[in-house]
Amino acid sequence: MLKGGSRDTGMLLMERSVPGRAGVVTPPLDVPEQPLPDAAILRDDLALPEVSEPEVVQYFTALSQQNFSIDTHFYPLGSCTMKYNPKINDEIAFLPGFAAIHPLQPPDQSQGALELLHTLQEYLGEITGMSGVSLATLAGAHGELAGVLMMRAYHHAQGDLGRTKMAIPDSAHGTNPASAAMAGFDVVTLPSDKDGNVDLEALHELSGPDLAGVMITLPSTLGLFDQNIVEVCRIVHEAGGLVYGDGANMNALLGRTKLGDLGFDVIHLNLHKTFSTPHGGGGPGAGPVCCAPTLEPFLAAPIVTSSGNGAGPSYSLSTPEQSIGKMSGYHGNFGVLVRAYTYIRTLGDAGIKSISGNAVLNANYIMQALKDIYYLPYDRTCMHEVVLSADWQRPRGVSGLDVAKRLLDYGFHAPTMYFPLIVHEALMIEPTESENRYTLDAFIEALRQINRESEDDPDMVHHAPHTTPVSRLDEAGAARHPDLRWRPSV
Amino acid sequence: MSPEDRKYTREHEWAKVEDADAKLVSVGITHFAQDELGDIVYFDLPNVGENVSYMQKMGEVESVKAVSDLFSPVTGRIESVNNELVDHPELVNDDPFDSGWIMRVVLEDLGELDTLMSASEYDEYTGAS
């Protein structure tokens with residue numbers, strides 16, 4: 001590859017700039033020239049690259065082709081549920097009636113869109129066993145914040161201002177403590193017991209008149225279903241607290257277990273994980289909040305309500321009486337909600353149930369095939385993801401990070417590393433239901449091969465990846481001395 | 001093996017007497033801690049003049065793996081902090097027991113150190129002995 005060739009993404013657009021080159025030639029002025037009201041707003045100190053249109057297209061296309069994505073690679077990034085996003089989701093979201101609608105269009109002109117939102121609220125309520133649903137929150141952590149604000153509003157409405165503590169297990173999703181802190185709670189860590197369940201003794205100790213509630217991720221980030229979950233809910237409720245459910249791992253439970261039936265009071269869902277809407281840098285996301293009747297008055301606005309008046313259903317937007325207020329400008333990320341609705345309608349009851357079955361089967365298949373060579377800290381049937389450890393490779397000089405980087409050379413996205421924090425050298429693998437057995441077998445073989453390499457040539461693994469456009473990046477250097485701006489070389 | 005001239009906590013901090021008359025001790029994290037954290041990229045340091053108490057949070061450390069709380073192994077008033085760590089957090093990876101110190105504290109009671117672990121107890125605790 002020649003330097004400056006169209007596929008050389010190492011040469012930035014700024015470096016390709018040639019004075020006078022342009023992507024667009026504007027036509028000559030054919031109207032009388034008018035002076036600007038304030039010429040001082042014009043500036044010529046902004047350095048923009050002067051490049052042609054095909055150069056720009058080739059450059060960004062080449063960059064996009066270097067991506068790992070769910071359309072190109074197996075992507076077992078634990079806790080992120082990087083499942084395939086069916087193209088029919090986009091097809092429906094692109095229908096002009098959905099894509100071209102304006103958020104301020106009056107309700108009588110947008111009954112179809114409102115009906116879709118209303119039906120989606122009902123589907124999500126049915127799937128989670130919750131009576132109230134708000135679609136207004138735009139991402140998982142945004143939903144968490146809304147949920148804990150609702151918990152606070154509930155306690156305050158009872159005149160109970162002393163509940164300042166939020167208990168969060170050490171195996172919970174990583175954003176939970178931040179959400180609780182943002183809502184003004186003091187975060188207390190709840191330890192796990194030897195089986196990876198919430199330590200009930202520690203929970204008993206924490207449960208008192210100052211406990212606002214607990215935030216539980218089910219299954220936990222260990223990929224385990226807490227066997228004491230009903231007891232956990234009972235203890236918290238007995239102390240006057242509420243139970244929050246982080247729905248990040250709902251892919252394991254779809255169609256089988258309803259969090260509402262287990263005793264959860266309020267939860268959020270990640271439509272961009274469980275319901276196959278775009279994810280990661282390709283977002284935007286959606287994190288609807290679902291709740292039990294006691295918390296319904298506090299839901300974020302707006303929610304879509306239906307009032308049949310004889311001439312067919314009529315849908316409108318409403319604000320619950322003691323709402324925590326608006327969490328976003330309009331109705332949430334509407335295009336994302338259309339995609340999730342499409343996914344649910346495409347699959348139906350039986351299809352929804354098959355998701356969790358296959359997701360759990362795939363994770364256990366990987367666990368059984370690898371637990372002889374990668375340490376398995378919690379040797380139990382796992383749910384939708386398995387947490388292995390590189391503890392057995394570490395003495396050979398190969399860390400979890402090295403294993404993850406080496407996987408890139410085999411054409412697989414890396415699993416989540418070093419999380420949850422309670423597992424040393426954690427490798428958190430979530431295959432999702434999207435992959436077939438051939439892909440899983442190839443992934444397993446790659447990890448077995450990397451284990452052999454950790455014995456025969458640990459140094460090679462330690463410096464992986466070797467086949468990617470850039471090799472091992474200096475993460476520490478980048479964080480210690482960030483260099484975020486291009487400057488012309490002098 | 002950990003240096004024997006200081007005491008240790010279960011949260012992997014050390015405290016070393018610098019001047020017994022002034023009840024001045026220096027505080028840092030152990031070699032084991034920096035090895036577990038991996039490359040450290042940022043410290044949120046406490047302020048000089050503030051009071052710290054035993055096992056209360058005194059700051060945060062961020063590595064390429066995770067953000068972790070730092071706990072004070074002692075009770076007293078902060079006399080100085082190691083501002084070198086702002087630009088060079090890697091000092092703690094390279095030299096955790098010496099130039100990678102985090103803060104110096106004037107203790108209320110030097111006897112407090114007696115409750116902490118000795119070097120051999122700490123090494124046994126971390127499985128390093």
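Placing a label point 7 Å from the Cα of B:Glu108 along the Cα-to-Cβ direction, the residues of region B:43-61 whose backbone N falls under 11 Å of that point are B:52-54. You can think of it this way: the chain between A:Arg256 and A:Thr72 has 63.2 nm of extra reach, that is 0.36 nm per residue less the Cα-Cα gap. Secondary-structure-derived ellipticity at 222 nm for chain A, considering helices only, amounts to -10500 deg cm²/dmol, per-run term -39500 (n - 2.57) for DSSP H runs with n ≥ 4. Summary of packing: across the peptides A:63-75, A:117-129, the per-residue average of other C-beta atoms within 10 Å ranks them, highest first, as A:117-129, A:63-75. Simple point charges give the picture: +1 on the Cβ of Lys and Arg, -1 on the Cβ of Asp and Glu, and for the protein assembly as shown a dipole about the Cα centre of about 2200 debye. On the basis of the beta-carbon distance and an R0 of 45 Å, A:Ala99 and A:Leu361 show a calculated FRET efficiency of 0.80.
With a 10 Å cut-off around each Cβ of B:34-41, the average count of Cβ atoms from other chains is 3.
Here each label is just a point 7 Å from Cα along the line to Cβ, and for A:Asp391 and A:Asp38 those points are 6.5 nm apart. For chain A, what class follows from the C-alpha gyration tensor (a ≥ b ≥ c being the square roots of its eigenvalues): rounded when a/c is under 1.5, otherwise prolate if a/b is larger than b/c, else oblate? Oblate, since a/c reaches 1.5 and b/c is not below a/b. This model, with +1 at the C-beta of Lys and Arg and -1 at the C-beta of Asp and Glu, gives region A:350-471 a dipole about its Cα centre of some 280 debye. Between the alpha-carbon centres of region A:292-365 and region A:434-490 there is a gap of 39 Å.
Is region A:84-146 best put as rounded, prolate or oblate by its Cα gyration tensor, with a ≥ b ≥ c the root eigenvalues, rounded for a/c under 1.5, and otherwise prolate when a/b is larger than b/c, oblate when not?
Judged from the Cα gyration tensor, region A:84-146 comes out prolate (a/c at least 1.5, a/b above b/c).
Measuring between their Cα centroids, region A:162-178 and region A:112-128 lie 29 Å from each other.
Of the residues A:Pro19, A:Ala479, A:Tyr438, the one whose Cα sits farthest toward the positive end of the charge dipole of the protein assembly as shown, with +1 on the Cβ of Lys and Arg and -1 on the Cβ of Asp and Glu, is A:Tyr438.
Of all DSSP bridge pairs formed entirely within chain A, close to 50 percent run antiparallel.
Annotation for region B:1-92: trypsin sites (Lys or Arg not before Pro) lying in DSSP loop with at most 16 further Cβ atoms inside 10 Å of their Cβ are B:Arg10. Could you tell me which of rounded, prolate or oblate describes region A:384-437, using a ≥ b ≥ c as the square roots of the eigenvalues of the alpha-carbon gyration tensor, with rounded for a/c under 1.5 and, failing that, prolate when a/b is larger than b/c and oblate otherwise? Oblate shape, in that a/c is at least 1.5 and b/c is the bigger or equal ratio.
Magnitude of the Cβ-charge dipole of region B:78-129, K/R +1 and D/E -1, about the Cα centre, nearest 20 debye?
Value, rounded to 20: 60 debye.
Think of the protein assembly as shown as a dipole: +1 on every Lys or Arg Cβ, -1 on every Asp or Glu Cβ, centred on the Cα centre; then among A:Pro107, A:Ser454, A:Leu190, A:Pro107 lies furthest on the positive end.
Projecting the Cα positions of A:Ala141, A:Ala414, A:Ser399 onto the charge dipole of chain A (unit charges on Cβ atoms of Lys, Arg, Asp and Glu, taken about the Cα centre) puts A:Ala414 furthest along the positive direction.
Every number here is computed from the coordinates shown, using simple stated rules; none is lab data. These figures come from a predicted structure and were not determined experimentally. For neighbour counting, all protein chains shown are included, and Cβ atoms are generated from backbone atoms with ideal geometry for every residue, glycine included.
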